[in-house]
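Quick notes on the structure that follows.
The values are calculated or read from the model by the stated rules, or taken from the named source; none is laboratory data. Being a predicted model, the structure only gives us computed values, none of them experimental. Here the Cβ positions follow ideal geometry from the backbone for every residue, glycine too, while neighbour counts run over all protein chains shown. Ligands, DNA and RNA are stripped out before the accessible areas are found, and what is left, the full protein with its side chains, is counted by its heavy atoms. Shrake-Rupley method; radii C 1.70, N 1.55, O 1.52, S 1.80 Å.
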Amino acid sequence: MTDLPRDLREALDAAASGASGAALSSSFKRLSTRYREEVAATAPILKSATDVVTYSAYRMPATFGAVRAALEQAAASRPGFEPVSQLDLGGGTGAAIWAASTVWPSLKSVTVVEQVHEAIALGQQLAKGAEAAAVRDAKWQAGRIDDLGTLAAADVVTVSYVLSELSTTQQEKLVGQLAAQRGLVAVIEPGTPTGYERIVAARDQLIAAGHSIVAPCPHSLACPIPRGRDWCHFVSRVNRSAAHRQTKGAELSFEDEKFSYVISTPAVPEPAENRVLRHPQQRKGLVSLRLCTNAGDLEDTIVSKRQGPLYRSARDTEWGDPWPPHP
């Protein structure tokens with residue numbers, strides 16, 4: 001279960017408190033319908049200050065949870081990695097910089113590029129009270145994601161929930177720019193079949209440009225999942241804040257955010273472990289794990305009670321974890 005940092009949760013609740021419930025509800029219905037379409041945008045989707053507040057209230061928790069879960073896997077794969085700078089492209093109101101700062105307290109210099117001025121204004125407002133200096137002192141830059149020019153160098157570059165708003169040509173151009181980076185590149189998309197296809201295309205392009213995969217794949221070979229029959233995605237369970245529930249008209253105190261992602265680097269990769277691709281299936285005395293292996297294959301493995309400590313580890317293993325577990 002992912003909890004928003006207290007400082008972010010309080011800032012979101014304060015921002016939402018200034019808008020009427022009816023306005024938030026109306027904006028939410030339009031935005032949620034538009035984002036579910038997952039088609040390229042010909043104009044900014046966020047059209048007003050109310051849209052931006054609504055977006056931050058209902059999407060920042062989910063985006064934060066997905067980005068943090070993805071970056072945590074990268075951090076686990078590279079335990080000595082302590083990035084100092086982050087570049088967040090199409091950053092909206094800044095969910096990815098909040099997420100990265102919880103994973104890597106070493107971050108000092110953060111830049112967010114966003115085209116909607118109201119989103120920049122709210123992102124800056126939310127960041128004012130952040131405990132993390134990297135978030136509080138972040139630089140916010142107005143710019144179109146499809147017209148960025150040469151990207152500034154950064155130890156970590158994040159692009160979350162952005163590719164779906166671009167045409168195929170624009171996606172290829174952006175990923176090509178990401179491939180020229182010397183740091184860690186993280187691309188996150190919705191955990192839908194179409195979101196996965198965008199991630200696979202980005203993954204292939206990054207590998208062709210000389211990058212190695214850090215996560216989630218334990219290899220840089222072709223994806224072994226049968227295309228059109230299944231897709232690789234993961235889930236982050238997020239606690240809903242008061243503003244989150246109000247905006248969505250939701251009753252449950254949590255929601256599950258499904259996401260697909262790829263994180264790569266031009267550096268020499270660390271030795272990788274297998275990755276759990278589905279919820280482990282537990283039966284009496286047995287745990288069944290669906291794995292993507294570091295040999296580039298899909299494999300089903302069964303861990304029995306007779307295997308003692310390994311069995312206990314399997315019972316605690318979750319979807320998206322490496323296997324076997326770290327000592």
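Only one residue in 236, 164 is assigned to a helix (DSSP H, G or I) and either touching a residue at least 12 places away in the same chain (Cβ under 8 Å) or touching a Cys at 6+ places or on another chain (Cβ under 6 Å) (or both), so which one is that?
The unique qualifying residue is 164.
Here residue 221 passes the criteria (1) in contact with a helix residue (DSSP H, G or I) (Cβ under 6 Å, 6 or more places away or on another chain); (2) surrounded by fewer than 21 Cβ atoms within 10 Å (Cβ to Cβ); (3) closer than 30 Å to residue 256 by Cβ except the one numbered (1). Out of the residues in segment 145-195 that are open to solvent by less than 30 Å² (accessible area, probe 1.4 Å) and in contact with a Phe, Trp or Tyr (Cβ under 6 Å, 6 or more places away or on another chain), which is modelled with the highest pLDDT? Filtering first and then ranking leaves 188.
Out of 77, 106, I need the residue that is closer than 23 Å to residue 216 by Cα, open to solvent by less than 50 Å² (accessible area, probe 1.4 Å), more than 19 Å from the chain's Cα centre (by Cα) and not β-branched (Val, Ile, Thr). Which one?
Details: 77 fails: more than 19 Å from the chain's Cα centre (by Cα).
Answer to the check: 106.
Taking strands (runs of 3 or more DSSP E) that do not extend beyond segment 44-144, which have at least 3 residues that are of a type in the set (A, V, I, L, M, F, W, C) and modelled with pLDDT of 95 or more?
The strands (runs of 3 or more DSSP E) meeting that bar are 109-114.
Might you let me know whether segment 271-287 holds any residue that is closer than 23 Å to residue 203 by Cβ, surrounded by 15 or more Cβ atoms within 10 Å (Cβ to Cβ), at pLDDT below 90 and touching a helix residue (DSSP H, G or I) at 6+ places or on another chain (Cβ under 9 Å)? Checked segment 271-287: at least one residue is closer than 23 Å to residue 203 by Cβ, surrounded by 15 or more Cβ atoms within 10 Å (Cβ to Cβ), at pLDDT below 90 and touching a helix residue (DSSP H, G or I) at 6+ places or on another chain (Cβ under 9 Å). Within segment 239-247, is even one residue open to solvent by less than 50 Å² (accessible area, probe 1.4 Å), at pLDDT below 95 and out of contact with any helix residue (DSSP H, G or I) (no Cβ under 9 Å at 6 or more places or on another chain)? There is no residue in segment 239-247 that is open to solvent by less than 50 Å² (accessible area, probe 1.4 Å), at pLDDT below 95 and out of contact with any helix residue (DSSP H, G or I) (no Cβ under 9 Å at 6 or more places or on another chain).
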